[in-house]
Amino acid sequence: MTSPLLSVSDLRVSFQTDAGVARAVDGVSFTVSAGETVGIVGESGCGKTLTALSLLRLIPSGGKLAPSSRVEFEGADMLSIPERELRAVRGRRMAMIFQEPMTALNPVLTVGDQVAEVVRVHTKRSRSEAWALAVAMLARVGIPDAAARAAQYPHELSGGMRQRVMIAMALVLEPALVIADEPTTALDVTIQAQILELLRELRERIGMAVLLITHDLGVVAEMASRVLVMYAGEVVEEAPVESLFAQPIHPYTEGLLAAVPSLALASQTTQERLRTIPGTVPPPTAWPSGCRFRDRCEHAWERCATDAPALVQVQPAHRVRCHLVQEPERRRT
Amino acid sequence: MLSRPKRAHSSRVVARLLQSLFVVWAAATAAFVLMRLAPGDPYTTRIDVPANERAQWSAQRGFDQPIPVQYVKWLRNLAVGDFGQSSYFKRPVLDVLRDVLPRTLLLMSLALTASVLLGMAIGAWQGTRVGTTGDSLLSTGSLLAYSVPEFWLGILLVQLFAQSLGWLPASGMVSTEYEYLPLSARIVDRLRHLVLPLTALTLLGTSLFARFQRSSMRDAWNEPFVQTARAKGLTERGVRWHAWRTALVPVVTMFGLMFPSLLGGAVFVESIFSWPGMGHTAVLAVNARDYNLAVAAVIVGSVMTVSGSLLADVLQRAVDPRTAA
Amino acid sequence: MTPLRYSRLLAGALVSTLLLACSPEQQPLDTREEGGTVAIGLSGEPASLLPPLVGSDHEQAIVEVLYDRLADIGPALATVGDAGFTPRLASSWQWAGDSMSISFTLDERARWHDGQPVVADDVKRTFELYTNPLVESSQAALLANIDSVSVSPPRTATFWFKRRSPQQFYDAAYHMFIAPAHLLQDADPAELSLAPLGRSPVGTGRFRFVQWNSGDRIEVIADTTNFRGRAILDRVIYRLFTDVGAAVVSLFTGEIDFFSPLPADDLEKAGKTPSLRVVAYPSLKYQLMLMNVRNPASVEEPHPVLGDLAVRRALSMATNRERVVRAVFDSTAGVARGPTTGLFIPENATLRELPFDVAAARALLDSAGWQIAANDSVRAKNGVRLRIEVLVPAGSPNRDRMAVLLQDQLRAVGAELVLQRLEINTLITRLERANFDAFMHGWNMSPGLVGLRQVWTTGSFGGAGNNYGGYRSPTYDANIDSALSSFDPVVAQRTLIRALQTIIDDAPGIWLAEDGAIAGMHERIEPGVLSATGWWHGLPSWRIPADKRNDRDRIGLTPAR
C-alpha cells in the first residue's frame, strides 16, 4: 500500500478546566488506508470520540490542539488547512455518523432536506436534483417509501430509521472515509444488526474506509480489520482484529474482551475473570504516573508506577503499551 | 404516524375557535359584573351634582336595576353589534374604539415587529457567543432596559431628546402646525412623532426578545445537531441557521403571547407621550365607571389575548413540526 | 425669520430642505392688530361641545368662546340683581313690575356661525334642554328657580321665576350658553350627545369652530363677521393631551403656547425659561381637611372623636396652616380663612380665625378629657383614642402632601392621623354614606355662593347636597339663608360674615389653601387679565403684538391644506 488515506500522528487535545489541564487525547497515532475499516475501542472518557472529532477539526470549544499534532487526510493537514478547504472535506470526503440519531438530526427540518443539504452545500446541483439524490440515498439505506419519508421530520421516524437517515446523510456524496461514532449504541439489538449489515454492504459498494468508534468489541469483531484500543487518552494496543481477539496482550484489552459475553467464552485466558474491569477511568486532569492503567491492573508492579510504558511493536502489525512485553514473567495467572 | 384524517383537524380548529369565543365571553361577563360591583357608577364623579339628582339619572339609564337584568339587556344589544354608548365620551362605544384602537395597533405593531426582529438578531448573535465580552455587554444592556420601570424610560427619553436636546417632539401624534404643512413635511412630522414612543416600547420589547432568543439559541447551540451541521461541511452561517431554526420555536410562541401585553404596555406609553390609544382609554373608562366602554375594552383585550394565543399556536406549528401532529 | 422647529431634528438637513422648498415666500411684515395663533394645551379631551352637556373645564373652556350667555358677569363676580352684568347675546333686558319675570331682548345683529339669525326660540329651546332631566345637565339644579321661558317673536325671551330671589338675573343670564334651536330640532333629549352639533358646534361666539381631530386637537378661528367684533387672534388650536405631565413638557418644548394650571413643581423651571411667562390669577377653589361630625355608624349621633367641638378646634389650632400651604403650593396659593376663597369674603369683614397655638390646643384637649396615658403617644378619652382616618384621593399629589404634613403636625398634640388613599369612586361612595372620619377636600366656588349652602347647611346632608361631614348649625343655616336671599346688600353682607364666623368657630374643617392658579404661556402672548372664572374667559381679546409673531402666528385664517 502507498500512502494511507488518513494518517494521524501525535494527536493531543487538552482542555483547561478548573481542576487543571485535562489531556483528553494524549499522543494518539494511527493510520487508515483506503477501503480499510479500523475500529477504536475503549470505555467512555478514554478519548475515542474526541479523537474522531479531531479528524474533522470539530474540537469542542475550549479544546486545544498541541502544535505537534498532525491529521493528514488525502494529503492535506486537516488541522491547519483554511476553513474553506476544511469545509470542502467535511461531509464530502470525510463524513461522520453520530451516535444519537435523535439529537444529531435537526428536529425542525425534514430528513430529506437534511440529506439534500449535504448535496447542495458541496455540489452545484439544483434544489430538486439534490432532493432526488437524497430520496435515492434514503432508499439505498433501506428506508421504505423513501419519497414520502423524505418529507417527514425526525420525530416521525423510528430510531432505526433515523440512524439510516444519519447514514444516508454521511454517505450521500460517497466519501472516502466515514467515521461512525457508536452508530448502533442507541438502538435495540435487532436494529443494531440491521444497521451494521447496512454499513457493511455500503462499504463494499462504495469502497470507502470506515473508522468505527465503539465501546463494543462485538461490533468491532464483525466490522473491522484492525483495532485500536484506547485508554486514558492513549492507544494501549493496536492489532489486526484476529490477533487481538486471539492474543490480547494488554491487560486492559483482556478486560474488555472479558466483558463481552459472546467473546468471553472464546477467549482462553479469561474464563474465571469478572466480566467487568474493576475501578473506573481516572479523570483526564490527573492521569496516574507511569502506566495509566496500573490502578486497575492486576499485574501491576513497581515499575508500572514510575515508568510510562511506550507503545512497542510485538508483531509486524501488533503494538502494545505495557511493561509485560518486556517482563512477561510478571503476568499473574 | 402518518397524517391524520382532515376531518379531525378541522373539528379541532372549530373547537379551538369555540373555546376562544368562550374565553372572550367569560372575560366580558366578568368585566360586566365586576364593573357594576365596583363602588360608584358613571355619575359618581360628577360630585357637583347632588347625589339625589345623580341617583335619578342612574335610574333613568337603568343602572339601578339588578345586574342580571342589565346583563341580559346588554347581551341582547351586543348580539346585534350594539356596544352601547360611552358615558364618559358621550359617543357610541364603537366610535370611540374606531378612534383609539388604530392608534394603539399602529404603535404596538411597529414596536412589536421591531422588537422581535432586533431582539432575535441580538439574542441569536449572543446565543452563539455566550460568555464573550460582547455577550456580557449586551446582556447587561438588555437587563438594564428590561428592569428599568417603563414610565421611567419614557420620561427619560422625553427629558433627553425632547426637552434637553430638542431633537424630537415630546408628545402627541402630530405637531401643532401639522395641518398647515405640505404633504412631504407631514409625513416627516408623523414619523418624528413616532420615534420616541416607539423607541421606548422597542427597547423594552427588544430586551425581552433578546433575552429569550439568547437562551434558546444557547440551548440550541449546544445540541448535537449543530455538530452534525458542521460535520456536513456547512459554513458557520449555515450552522447558525440550523441552531436558529430550532431556537425560533420558543421565541415565536412568545411573540403571540406578547399580544395582550400590547394593551398593558400601551398604558404608560400612551400617557407619557400623549398618544390617546386603547390603553389610555381603558384606564379612563374604568376610572369613570364607563361601563360600556370598559367592558368593550376588556373584549378588545381578550380578543387580542386569544388571537395572540391562536397566533402563537399557528406560528409554533409552522416552525416546529413536532407540535404539528 | 426664526427657523421652524423642524430644523432641529436629527435628520435636519433632509427635512429643512423639504420645508424650505415648500414654505411660502417671505411675507411683508404684518402690522395689523388682529392676527396670531395660540396653541393651548388641555390635559384631557372634551366629550361633547354641546352647551347643556358641558361638564369638565376642557369643555367649558371651548364652549365659552364658541357660544354666548345672555349676559356676562362683571369682574367683581356680583350676582345680586343685574348690577355689573354686561350684555352678550341679549342687548337689553326688562324686569317685570313684580320682579317675577325678566324679558331679554336678543341682539338683532347676532347670527349663528351658519348665518342663521339668533331668535328667542333658541333661548326657550336651550332652557328646555338644560332643565330636562333626560339631558343630565350639571347646571339643571342651578336653574331650579326658573319656572319657564316664553317667547315673543322674533327676539324677546321672557324668564318666569318661581320665587323672588337676589340671584334671579344671574340664574337666567349666566348658567346657560344659548344653543341653536334650528340645529337641535330632531335631537332626542335622552340621546342629546348623539346630536351632530356636539362634535361640530355652531355658536354665536367671537370664535367659530373649525375642526376636531379626536385625540389630537380642536381648532377655532376668529369669527370675522361677529356682531361683537372679531376676536383679535386669528386662530386657537387646543392640543389634547392625555395628562398634565405631557402637556407641561410640550409647553417647555414650545409645541404649545399656553397651559394652565401649571403645577407648582414646574413653576421654578418655567420662571427660568426665557420664552415663557408665568402669570398668576385668582381661582375659586379652596382646600380643607373636612371633618365628619356625625357618627359613621349612626348619623344622628355625634362622631366619637370629631363630634367633640373641643377636638375639632384643637386640631385646627395645632395646624400650622401657613407652613402647610407654603410647603405644598409655594407662592401659588394663600391660606384660606374659612370655607371659601378670599374673593367672596367682604373686604370690610373682620373674621376671627382660630390661632395657630399648639400649647392652647393641648390645653383644650386636656380640659376636654382627652389625655395621654403612660406609654402612649395618642390621646384617648373613655377608651376612645384620638385616631382619625383621613381619606385622600389617589392621584392628587397636592392633597396627599398636605395630608402628610397634617399628620406630622397633629402628632405633636397627641392626635393620630391614618392616611387612607382611595380610588375616587370608592372615596365618593364612602363620603356619601358618611362613612369616614376626615377627608382631604377641595371645592370650587361659584359666583352665586351656592356652595356655602350646598356644602355646609343641615339640609344638604344626605343626598340633597354635598354636606358629607354632616355639619349642623341652625345659626349658620339661618345666616346663609339670609345672606343668599336678602335683597338688601348690607343685610346680605352682614349675615354672610356671621355665617362664616359661625362655621370658623365650629371648625368642621381645617381650612388650608385658597388656590391661586398659575398659567404658563409663551412670552409673546398678551392675555390681559385672566379671570377667576376661567383663564379662557377673555380669550377673544388676547393679542400677540405684530412684531412678535412667529411662524405659528402666520398660519392666519387660511384653511388647512
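The values are calculated or read from the model by the stated rules, or taken from the named source; none is laboratory data. A quick note: this is a predicted structure, and the numbers were derived from the prediction, not measured. Reconstructed Cβ throughout: ideal geometry from the backbone, glycine too, with neighbour counts over all protein chains shown. Areas reflect the complete protein model, heavy atoms only, side chains present, ligands, DNA and RNA absent. Shrake-Rupley method; radii C 1.70, N 1.55, O 1.52, S 1.80 Å.
Which condition number does B:Thr113 fail, the rest of (1) within 14 Å of chain C (Cβ to nearest Cβ); (2) of a type in the set (Ser, Thr, Tyr); (3) open to solvent by 70 Å² or more (accessible area, probe 1.4 Å) being met?
Unmet condition: (1).
For segment B:45-93, enumerate the residues that are more than 30 Å from C:Val455 (Cβ to Cβ) and part of a loop (DSSP other than H, G, I, E, B). Let's see the steps before the verdict.
Our first condition is that a residue be more than 30 Å from C:Val455 (Cβ to Cβ); within segment B:45-93, this holds for B:62, B:65-86, B:91-93.
If the condition is that a residue be more than 30 Å from C:Val455 (Cβ to Cβ) and part of a loop (DSSP other than H, G, I, E, B), then B:Gly62, B:Gln65, B:Pro66, B:Val80, B:Gly81, B:Asp82, B:Phe83, B:Gly84 are the ones that fit.
Among the numbered criteria (1) more than 25 Å from B:Val314 (Cα to Cα); (2) open to solvent by 70 Å² or more (accessible area, probe 1.4 Å), which single criterion is violated by B:Arg54?
Here B:Arg54 clears every test but (2).
Inside segment A:209-231, can you point out the residues that are at pLDDT 90 or above and assigned to a loop (DSSP other than H, G, I, E, B)?
Those that are at pLDDT 90 or above and assigned to a loop (DSSP other than H, G, I, E, B): A:Ala224, A:Ser225.
Condition (residue is open to solvent by 50 Å² or more (accessible area, probe 1.4 Å), away from chain B (no Cβ under 14 Å) and not acidic (Asp, Glu)) applied to segment C:143-150: is it met by at least one residue? Let's see the steps before the verdict.
Of all residues in segment C:143-150, those open to solvent by 50 Å² or more (accessible area, probe 1.4 Å) come to C:144, C:147.
Still in the list and also away from chain B (no Cβ under 14 Å): C:147.
From the residues that got through so far, the ones that are not acidic (Asp, Glu) too are none.
Taking every residue of segment C:143-150 in turn, none turns out to be open to solvent by 50 Å² or more (accessible area, probe 1.4 Å), away from chain B (no Cβ under 14 Å) and not acidic (Asp, Glu).
Quick test of your reading of the structure: B:Thr228 fulfils all but one of (1) more than 8 Å from chain A (Cβ to nearest Cβ); (2) open to solvent by less than 10 Å² (accessible area, probe 1.4 Å). Name the failing condition by number.
The single condition B:Thr228 does not satisfy is (1).
How many residues are free of Cβ contacts under 8 Å to residues at least 40 places away in the same chain, open to solvent by 30 Å² or more (accessible area, probe 1.4 Å) and not small (Gly, Ala, Ser) when one looks only at segment A:165-195? If you could, list the steps in order and put the result at the bottom.
Let us first name the residues in segment A:165-195 that are free of Cβ contacts under 8 Å to residues at least 40 places away in the same chain, namely A:174, A:184, A:187-193, A:195.
Retained after the next criterion (residues that are open to solvent by 30 Å² or more (accessible area, probe 1.4 Å)): A:174, A:188-193.
So of that shortlist, the ones also not small (Gly, Ala, Ser) come out as A:174, A:188-192.
Here the count works out to 6.
Would you mention how many residues in segment B:133-171 are part of a helix (DSSP H, G or I) and either within 14 Å of another protein chain (Cβ to nearest Cβ) or on the phi > 0 side of the Ramachandran plot (or both)?
Of segment B:133-171, the ones part of a helix (DSSP H, G or I) are B:133-147, B:150-164.
Next cut, either within 14 Å of another protein chain (Cβ to nearest Cβ) or on the phi > 0 side of the Ramachandran plot (or both) only: B:135, B:151-152, B:154-164.
The qualifying residues number 14.
I'd like to verify a number: residues in segment A:58-113 that are open to solvent by 60 Å² or more (accessible area, probe 1.4 Å), within 12 Å of another protein chain (Cβ to nearest Cβ) and touching a helix residue (DSSP H, G or I) at 6+ places or on another chain (Cβ under 9 Å), how many?
Adding up the residues that qualify gives 6.
Please go through segment C:197-251 and give me each residue that is part of a loop (DSSP other than H, G, I, E, B), of a type in the set (Asp, Glu) and open to solvent by less than 30 Å² (accessible area, probe 1.4 Å), ordered by number. Walk me through it before giving the result.
So in segment C:197-251, the residues part of a loop (DSSP other than H, G, I, E, B) come out as C:199-206, C:214-216, C:223-234, C:241-243.
Now narrow it down to the ones that are of a type in the set (Asp, Glu): C:216, C:223, C:234, C:243.
Across segment C:197-251, the qualifying residues are C:Asp216, C:Asp223, C:Asp234.
Quick check on this structure: which one of B:Arg16, B:Arg12, B:Arg76, B:Arg4 is of a type in the set (Lys, Arg), modelled with pLDDT of 90 or more and open to solvent by 50 Å² or more (accessible area, probe 1.4 Å)?
Going through B:Arg16, B:Arg12, B:Arg76, B:Arg4 in turn, just one is of a type in the set (Lys, Arg), modelled with pLDDT of 90 or more and open to solvent by 50 Å² or more (accessible area, probe 1.4 Å): B:Arg76.
What number of residues within segment C:483-511 are buried (at least 20 other Cβ atoms within 10 Å of the Cβ) and over 17 Å from C:Thr457 (Cβ atoms)?
Number of matching residues: 2.
Restricting the first residue to segment A:116-132 and requiring it to be hydroxyl-bearing (Ser, Thr, Tyr), which pairs with a second residue that is assigned to a helix (DSSP H, G or I) meet a Cβ separation below 8 Å and a spacing of at least six or different chains?
Listed by first residue and then by second, the contacts come to A:Thr123/A:Ala130.
Only one residue in C:Ala359, C:Ala380, C:Ala374 is in a loop (DSSP other than H, G, I, E, B) and over 28 Å from C:Val279 (Cα atoms), so which one is that? I'd like the intermediate steps shown before the answer.
Details: C:Ala359 fails: in a loop (DSSP other than H, G, I, E, B); C:Ala380 fails: in a loop (DSSP other than H, G, I, E, B).
None of the others qualify; the one that does is C:Ala374.
Taking segment C:226-241 on its own, how many of its residues are within 12 Å of chain B (Cβ to nearest Cβ) and touching a Phe, Trp or Tyr at 6+ places or on another chain (Cβ under 7 Å)?
1
Just give me the residues in segment C:531-559 being of a type outside the set (Gly, Ala, Ser), away from every other protein chain (no Cβ under 14 Å) and open to solvent by 60 Å² or more (accessible area, probe 1.4 Å), in sequence order.
C:Arg543, C:Asp547, C:Lys548 - these are the residues of segment C:531-559 that are of a type outside the set (Gly, Ala, Ser), away from every other protein chain (no Cβ under 14 Å) and open to solvent by 60 Å² or more (accessible area, probe 1.4 Å).
Kindly establish whether C:Glu389 is open to solvent by 50 Å² or more (accessible area, probe 1.4 Å), among the acidic types (Asp, Glu) and away from every other protein chain (no Cβ under 14 Å). Walk me through it before giving the result.
On the way: open to solvent by 50 Å² or more (accessible area, probe 1.4 Å): no; among the acidic types (Asp, Glu): yes; away from every other protein chain (no Cβ under 14 Å): yes.
In short, no.
Among the residues of segment C:395-438, which ones are on the phi < 0 side of the Ramachandran plot, open to solvent by 60 Å² or more (accessible area, probe 1.4 Å) and not in a strand (DSSP E or B)?
Scanning segment C:395-438 gives C:Pro397, C:Arg401, C:Val404, C:Asp408, C:Arg411, C:Ile424, C:Glu432, C:Arg433, C:Asn435.
Only one of these is farther than 20 Å from C:Leu427 by Cβ, among the β-branched types (Val, Ile, Thr) and touching a helix residue (DSSP H, G or I) at 6+ places or on another chain (Cβ under 9 Å): C:Val378, C:Val384, C:Val392. Name it.
Values: C:Val384 fails: touching a helix residue (DSSP H, G or I) at 6+ places or on another chain (Cβ under 9 Å); C:Val392 fails: farther than 20 Å from C:Leu427 by Cβ.
None of the others qualify; the one that does is C:Val378.
For A:Ala139, work out the one condition from (1) touching a residue at least 24 places away in the same chain (Cβ under 8 Å); (2) open to solvent by less than 60 Å² (accessible area, probe 1.4 Å); (3) out of contact with any strand residue (DSSP E or B) (no Cβ under 7 Å at 6 or more places or on another chain); (4) closer than 19 Å to A:Ile195 by Cβ it doesn't fulfil.
Condition (1) is where A:Ala139 drops out.
Go through segment B:254-295 residue by residue and tally those that are closer than 21 Å to B:Pro39 by Cβ, part of a helix (DSSP H, G or I) and of a type in the set (A, V, I, L, M).
At the first step, the residues of segment B:254-295 found to be closer than 21 Å to B:Pro39 by Cβ are B:282-295.
Now restrict to residues that are part of a helix (DSSP H, G or I): B:282-287, B:291-295.
This time we only want the ones that are of a type in the set (A, V, I, L, M), so: B:282-286, B:293-295.
Residues that pass the stated criteria total 8.
Given the conditions (1) within 14 Å of another protein chain (Cβ to nearest Cβ); (2) open to solvent by less than 10 Å² (accessible area, probe 1.4 Å); (3) in contact (Cβ under 8 Å) with a residue 24 or more places away in the chain, report the number of the one that C:Ile178 does not fulfil.
Among (1) within 14 Å of another protein chain (Cβ to nearest Cβ); (2) open to solvent by less than 10 Å² (accessible area, probe 1.4 Å); (3) in contact (Cβ under 8 Å) with a residue 24 or more places away in the chain, the lone unmet condition for C:Ile178 is (1).
What about B:Ala121, is it open to solvent by less than 30 Å² (accessible area, probe 1.4 Å), closer than 28 Å to B:Pro250 by Cα, more than 14 Å from chain C (Cβ to nearest Cβ) and of a type in the set (A, V, I, L, M)? Before you say what the answer is, go through the steps one by one.
Working: open to solvent by less than 30 Å² (accessible area, probe 1.4 Å): no; closer than 28 Å to B:Pro250 by Cα: yes; more than 14 Å from chain C (Cβ to nearest Cβ): yes; of a type in the set (A, V, I, L, M): yes.
So B:Ala121 fails the test.
Only residues that are among the hydroxyl-bearing types (Ser, Thr, Tyr) and more than 10 Å from chain A (Cβ to nearest Cβ): list them for segment B:232-261, please.
Let us first name the residues in segment B:232-261 that are among the hydroxyl-bearing types (Ser, Thr, Tyr), namely B:235, B:246, B:253, B:261.
Result: B:Thr253, B:Ser261.
Looking at segment B:29-37, is at least one residue in a loop (DSSP other than H, G, I, E, B) and within 14 Å of another protein chain (Cβ to nearest Cβ)?
No, the conditions are met nowhere in segment B:29-37.
What are the residue pairs meeting all of these: first residue in segment B:263-289, first residue within 23 Å of B:Asp41 (Cβ to Cβ) and at the interface with another protein chain (Cβ under 7 Å from one of its Cβ atoms), second residue outside any helix (DSSP H, G or I) and of a type outside the set (A, V, I, L, M), Cβ atoms under 7 Å, and 6 or more apart or on different chains?
B:His280/C:Thr242; B:Arg289/B:Gly40; B:Arg289/B:Asp41; B:Arg289/B:Pro42; B:Arg289/B:Thr44
Considering each of A:Pro183, A:Pro175 in turn, give the residue that is assigned to a loop (DSSP other than H, G, I, E, B) and under 20 Å from A:Leu133 (Cβ atoms).
Numbers: A:Pro183 fails: under 20 Å from A:Leu133 (Cβ atoms).
Answer to the check: A:Pro175.
Would you mind stating whether C:Ser446 is of a type in the set (S, T, N, Q), in contact with a helix residue (DSSP H, G or I) (Cβ under 9 Å, 6 or more places away or on another chain), more than 14 Å from chain B (Cβ to nearest Cβ) and open to solvent by 10 Å² or more (accessible area, probe 1.4 Å)?
Numbers: of a type in the set (S, T, N, Q): yes; in contact with a helix residue (DSSP H, G or I) (Cβ under 9 Å, 6 or more places away or on another chain): yes; more than 14 Å from chain B (Cβ to nearest Cβ): no; open to solvent by 10 Å² or more (accessible area, probe 1.4 Å): yes.
In short, no.
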